[in-house]
Amino acid sequence: MYTQSMDTQAPEARKAIRTAEEAVLQERFDERIDAGEFIEAKDWMPDDYRKTLIRQISQHAHSEIVGMLPEGNWVTRAPTLKRKAILLAKIQDEAGHGLYLYSAAETLGISRDQMLAALHSGKAKYSSIFNYPTLTWADVGVIGWLVDGAAIMNQVPICRCSYAPYARAMIRICREESFHQRQGYDALLTMMREGTDGQRGMVQDAVNRWWWPSIMMFGPHDADSPNSAQGMRWGIKRVSNDELRQKFVDAAVEQAKVLGVTLPDPDLKWNEERGHHDFGAIDWSEFWNVVGGNGPCNKERLATRVRAWDEGAWVREAALAHARKQEAKKEAA
Ligand code: FAQ
């Protein structure tokens, strides 16, 4: 056939040309990363860079969506109309963050259905922190202070991530996260300064339960973090897990003093030589147990997400039918 007769190169030769072309593209990509340039969706990128980004961004998106659940538990029981309105706005923001992030991941060639299927089947990870229960109203304030606080510490450097669509999404997300952190801290300050002894006790109890899981959010120690070295090389990760955790601990100690709560770590103390706070050993067996699906609320969180997806099928179908109708109208006009 004509096309075959034109194809004079042997498969090995074609492979060698492709490999040589890829080597040039790889070199150009490395130079751009070294120069601190941003990579856009249509630019050439190595497969592993693409896979790493899909992994991280989809996990991040799932965390935002599952992260709506612990606080959602308190919408109907918020103590005042003002607190209820603030909490609703915050939870809606988290949904928006999930949507920006799913969109950013889609630019890498994965579909939203694929990502959600991975979440619903329990295959995909999301942040360990959202597998803990919210037992009292003080938990909502502590999530804002500590969980959003840790999230911001981790996410500000991602605004400089080498993959531009992710970096752009993060700029907007970080602005909203600072409001989230402040609303949580403000709710706790009110309870500590204007509340009863019982309410102050609730705040301390919530801090005791959320402190360790919050510092686990940053992931394993650098020496035990399999993805860190390559993530840093590619400019996806700008600051290491341990450095971010340390910055978070240093900031939280001062904020705890203003609030009037103690952090539940007898080994937490200022180290003059290091210019940082030392802190106690993290229970990594608890962390990996939660990451592995066996935390206090993993099963409940996943079941809630799957139920929401199933019960929302009619909304997706209606939206598609509406879009098809609009399209047909446009064509007929
Ligand atoms: N939970 O080698 P590394 C939020 C996994 S958003 C579960 O260090 P990497 C907003 C990790 O995936 C919170 N798994 O991995 C909000 C990896 O497993 P894999 C989410 C974790 O990627 C607030 C393995 O361990 N933020 O809170 C966790 O270099 C309030 C080895 O770890 C982001 O996702 C964990 N905590 O570093 C919403 C930020 N830590 O995938 C509602 C973007 C580690 O190889 C209410 N992500 N693992 O099977 C990142 O910055 C990074 O992915 C890290 C992990 C730092 C999370």
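The values are calculated or read from the model by the stated rules, or taken from the named source; none is laboratory data. All values derive from a computational prediction rather than experimental measurement. Glycine also receives a Cβ, built like all others from the backbone with ideal geometry; neighbour counts cover every protein chain displayed. Side chains included, ligands, DNA and RNA excluded: accessible areas come from the protein's heavy atoms. Shrake-Rupley method; radii C 1.70, N 1.55, O 1.52, S 1.80 Å.
At-a-glance table
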{"quantity": "Segment 197-305: equivalent-ellipsoid semi-axes (sqrt of 5 x gyration tensor eigenvalues, Cα, Å)", "calculated": "25, 23, 12"}
{"quantity": "Per-residue SASA entry for D113, accessible area with 1.4 Å probe, Å² rounded to 10", "calculated": "100"}
{"quantity": "Alpha carbon centroid spacing (whole Å) that separates segment 245-296 from segment 195-242", "calculated": "8"}
{"quantity": "Rounded percent of accessible protein surface that carbon and sulfur make up, segment 163-206, 1.4 Å probe", "calculated": "50"}
{"quantity": "Solvent-accessible area of D43 with every protein chain in place, 1.4 Å probe, in Å² to the nearest 10", "calculated": "40"}
{"quantity": "Scattering profile of the chain at q = 0.07, 0.10, 0.11 Å⁻¹ [log10 I(q)/I(0), Debye over alpha-carbon scatterers]", "calculated": "-0.36, -0.69, -0.81"}
{"quantity": "Gaussian network model of the chain, Cα within-10 Å springs - most flexible of W270, W137, W288", "calculated": "W270"}
{"quantity": "Accessible-area composition of segment 1-104, carbon plus sulfur, in percent [1.4 Å probe]", "calculated": "58"}
{"quantity": "In nm, spacing of pseudo-spin labels at W314 and D205 (7 Å Cα→C-beta vector)", "calculated": "4.0"}
{"quantity": "Net charge, C161 excluded, C-beta distance under 9 Å - Lys, Arg +1, Asp, Glu -1", "calculated": "+3"}
{"quantity": "The chain: most fluctuating residue of F279, F287, F130 per GNM, C-alpha cutoff 10 Å", "calculated": "F279"}
{"quantity": "Point-charge dipole on Cβ atoms (K/R +1, D/E -1) for segment 179-333, about Cα centre, debye to 20", "calculated": "940"}
{"quantity": "Accessible area of the chain divided out per residue, in Å², using a probe of 1.4 angstrom", "calculated": "54"}
{"quantity": "Amide proton proximity set for S162, modelled H, under 5 Å, gap of 5+", "calculated": "I236"}
{"quantity": "Solvent-accessible ranking of R168, R32, R14, largest area first, probe 1.4 Å", "calculated": "R168, R14, R32"}
{"quantity": "Approximate spin-label separation N294-R233, in nm, with each point projected 7 Å along Cα-to-Cβ", "calculated": "3.4"}
{"quantity": "Listed pairs K84/K237; K90/K123; K123/K269; K90/K125; K82/K257 exceeding 32 Å between Cα atoms", "calculated": "K84/K237; K123/K269"}
{"quantity": "Note, ³J(HN,Hα) from phi for segment 246-255, Karplus 6.51, -1.76, 1.60, rounded to Hz, x at Gly and Pro", "calculated": "4, 4, 5, 4, 4, 6, 5, 4, 5, 5"}
{"quantity": "Separation of the L135 and K329 label points, Cα + 7 Å toward Cβ, nm", "calculated": "5.4"}
{"quantity": "5 angstrom amide H check on H276, placed H, neighbours 5+ away", "calculated": "N271"}
{"quantity": "Within-12-Å neighbourhood charge of G96 [Cβ basis; K, R +1; D, E -1]", "calculated": "-2"}
